[in-house]
């Protein structure tokens, strides 16, 4: 019990829920300034013991208005003067996450990528040590399903820092200015949470070379806002931006040049495919009686995601549907055969 009483929260993310009872005259508050809200909330909630899903109530401007705790670090503890309190951002655009269950050891293979990523890990742990030599903008590239997102989350977990992720397509808004505003909101949140990782997934959706697409005005404004942040016009100490793409060769050169490090992710080797199969079949709901070395040999060119989603999971679902009590070598090989290799390549005349 004594240990629990000394646990202070580093981060607290809350979601506005509303009033216990609804009346026509009730105003629903909107957070206009995140920094002001942080001070306002701590002033009244300091000393409160909270955990995920707990409800806490405003006691001042909007008495009895409820907020739900959607995440905190550590998983439970007391709100203190040093706790950073955030209101959940629009989850359709920015996802703020405290990763706890993924480590670098969970990423099979990618040894060269792991070696390079250790610099990011050290930076997140000791940002003041790097100064102007910080690895602030890093590009992860390689085929889909090779562990780019998993690696970024593992770094966040091992550094004990928040993980802010955005699918680049979600930055595009309905109105002029929406995209640039979302980019600046993303980095404003990152500055509050630093040290942290900003992960830009599907980066090629907004950063394609102009030779491959007609640049829309809303995409152009997103790119300009992003370049401002990547160039460090604002103080971004402790923030590491990791952008992920499957098609690095199609990126605009001026955008690509902002990334001081590029880390390649490769398709798994035979030994790595075998290890992926073994790890994912260790705790399986159906007994597996299969020669995994044959499956690994038959799945050359498959990504880790292909093996898990299209081979292992497909075999499980088929076994359940057919009432089988075990999965055998032939079941996995049949699933692997259905992953057609030619369809994984772009048409030869695509860019002619």
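Exactly one residue out of 239, 263 is over 30 Å from residue 326 (Cα atoms), in contact with a strand residue (DSSP E or B) (Cβ under 9 Å, 6 or more places away or on another chain), at pLDDT 95 or above and crowded, with 19+ Cβ neighbours inside 10 Å, and it is 263. Only one entry in 294, 307, 281, 274 is touching a strand residue (DSSP E or B) at 6+ places or on another chain (Cβ under 9 Å) and in contact (Cβ under 8 Å) with a residue 12 or more places away in the chain, namely 281. If you go through the range 71-86 and pick out every residue that is surrounded by fewer than 16 Cβ atoms within 10 Å (Cβ to Cβ) and not in a loop (DSSP other than H, G, I, E, B), you end up with 1. For the range 161-180, a residue qualifies if it is surrounded by fewer than 23 Cβ atoms within 10 Å (Cβ to Cβ), in contact (Cβ under 8 Å) with a residue 40 or more places away in the chain and more than 14 Å from the chain's Cα centre (by Cα), and the qualifying residues are 172, 173, 176, 177, 178, 180.
Among the residues of the range 96-109, those identified as buried (at least 17 other Cβ atoms within 10 Å of the Cβ) and closer than 30 Å to residue 183 by Cα are 96, 98, 99, 102, 104, 107. Of the listed requirements (1) out of contact with any strand residue (DSSP E or B) (no Cβ under 8 Å at 6 or more places or on another chain); (2) without any contact (Cβ under 8 Å) to a residue 24 or more places away in the chain, residue 54 misses just one: (1).
Scanning the range 110-137 for residues that are touching a helix residue (DSSP H, G or I) at 6+ places or on another chain (Cβ under 9 Å), within 18 Å of residue 268 (Cα to Cα) and loosely packed, with under 14 Cβ neighbours inside 10 Å turns up nothing.
Among the numbered conditions (1) surrounded by 10 or more Cβ atoms within 10 Å (Cβ to Cβ); (2) without any contact (Cβ under 8 Å) to a residue 40 or more places away in the chain; (3) over 29 Å from the mean Cα position of the chain (by Cα), the only one that residue 63 does not meet is (1).
The values are calculated or read from the model by the stated rules, or taken from the named source; none is laboratory data. As the structure is a prediction and not an experimental result, all values here were calculated from the model. So basically every Cβ, Gly included, is an ideal-geometry build from the backbone, and we count neighbours across all protein chains shown.
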